[in-house]
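Heads up: the structure comes next, in structure tokens.
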Ligand code: HEM
């Protein structure tokens, strides 16, 4: 960071096209070359109240703070104004937001919750830091270049057993050192998963969020719950260690599947993580017309092609074709004709997980809107001084708060129910909450 000091008088001399400095929050920026490329135009920068002047108010009434954090704009800073100190600071890594309603009540000072214990709180602190230090920089880069999440990120997640933790509580966590020993496997419950989903959603990188394990989240449970023990152990170890990837290939299960014995010839579309998956959990029909779920390993005859979707290609969404693919009988998940039960039993956890992330993302939007409405000046006043804007914000906040309370209630029910009970009691709730939130 440039630390050269300038007086206001020195800055004021650089006030014309080709020699243009401004001050924002005590920092001196040389915009001489950038001005011609400025997305807001050159003329605003040449205004007599901006060129060579302290333009802090003008800047923040039109730009988000994050603009100044982008490397290409950081580089424009050449020093600071002598005797002045920075007044505006971003939230430090891992810290809670001070913006009202930006955090759920259980994380807001002065409020209480019956659900979260001290061990959940300790985990939230460490996990938010992990997200902001490890995931977020990779998310920003991958959303930009469209490549799949970096292997180094999967390695970091595996080291802390985060991939295993994302699958919820259960036997698969026994004997594992979770989050470097911070989390005890026997204390791990669905609230941990809720915390993880909501923290990751704060990255505002939906494609990346799915890229970094969306396929595992929905493709692995059928293996965990219905796989033959030896296969299950092998696949779980490979996936939890971040070395192999799995996805759920169900879409179009009722149209076009043509399975002959242990060979299947089929196509699947919109499959999250397909382009880089090693395993495919595939719903298809056998030649008696019954539904069966197969675990198919990538091999000759399995082809994946990227599909363009409304979010970024970092999610690895793909079109999958299976052409004369051999599937050993023991790679059947669940009973021969019981595929439908396997597929349906997967839905509750998937829907609940989606709703958790969705509420987290909506809360992040509330935070961004509140910040912007307070900062943005229109007709000489902050945007939030308009009643219509306050009314819209109030409606957004009410929606997020009700959703958070609802999802916490469903999560609490899950912590007291077996997987089977969840399937019979919570299917309706899981559907309704996801329907209301997505
Ligand atoms: C360090 C100095 C500056 C940098 C790096 C910068 C950068 C940018 C960028 C990246 C945008 C695109 C929108 C966005 O990403 O938020 C933008 C838009 C704009 N900037 Fe600047 N800017 C600077 C200073 C200023 C100043 C001092 C003014 C003074 C009035 C100004 C006026 C505008 C306007 C009017 C827009 C268009 C906003 C809109 O379309 O809503 N900028 N600027």
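The values are calculated or read from the model by the stated rules, or taken from the named source; none is laboratory data. On a predicted model such as this, the values are computed, not experimentally measured, just so you know. Here the Cβ is made from the backbone with ideal geometry for all residues, glycine too, and neighbour counts use every protein chain on show.
Inside region 393-417, residues that are farther than 18 Å from residue 353 by Cβ and outside any helix (DSSP H, G or I) make up a count of 1.
Taking residue 99 as the residue in question, decide whether it is closer than 25 Å to residue 369 by Cα, near the ligand (Cβ under 9 Å from one of its atoms) and either surrounded by 10 or more Cβ atoms within 10 Å (Cβ to Cβ) or in contact (Cβ under 8 Å) with a residue 40 or more places away in the chain (or both). For residue 99, the condition - closer than 25 Å to residue 369 by Cα, near the ligand (Cβ under 9 Å from one of its atoms) and either surrounded by 10 or more Cβ atoms within 10 Å (Cβ to Cβ) or in contact (Cβ under 8 Å) with a residue 40 or more places away in the chain (or both) - is not met.
Residues in region 197-208 that are surrounded by 23 or more Cβ atoms within 10 Å (Cβ to Cβ) and either touching a strand residue (DSSP E or B) at 6+ places or on another chain (Cβ under 6 Å) or within 28 Å of residue 416 (Cα to Cα) (or both): 197, 198, 200.
Residues in region 75-85 that are assigned to a loop (DSSP other than H, G, I, E, B) and surrounded by 11 or more Cβ atoms within 10 Å (Cβ to Cβ): 75, 76, 82, 84. Taken over region 126-168, the criterion of being assigned to a loop (DSSP other than H, G, I, E, B) and in contact (Cβ under 8 Å) with a residue 40 or more places away in the chain is satisfied by 146, 147, 148, 149, 161, 166, 167, 168. Regarding residue 370, is this residue farther than 19 Å from residue 192 by Cα, touching a helix residue (DSSP H, G or I) at 6+ places or on another chain (Cβ under 9 Å) and free of Cβ contacts under 8 Å to residues at least 60 places away in the same chain? Criteria not met by residue 370.
Okay, residues lined up against (1) within 30 Å of residue 188 (Cβ to Cβ); (2) assigned by TED's automatic domain parsing to the domain that holds residue 113; (3) crowded, with 18+ Cβ neighbours inside 10 Å:
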residue: 370; (1), (2), (3): no, no, yes
residue: 373; (1), (2), (3): no, no, yes
residue: 376; (1), (2), (3): no, no, no
residue: 414; (1), (2), (3): yes, no, yes
residue: 432; (1), (2), (3): yes, no, no
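Please work out if residue 65 is out of contact with any strand residue (DSSP E or B) (no Cβ under 6 Å at 6 or more places or on another chain), modelled with pLDDT under 95 and within 13 Å of the ligand (Cβ to nearest atom). The answer is yes for residue 65.
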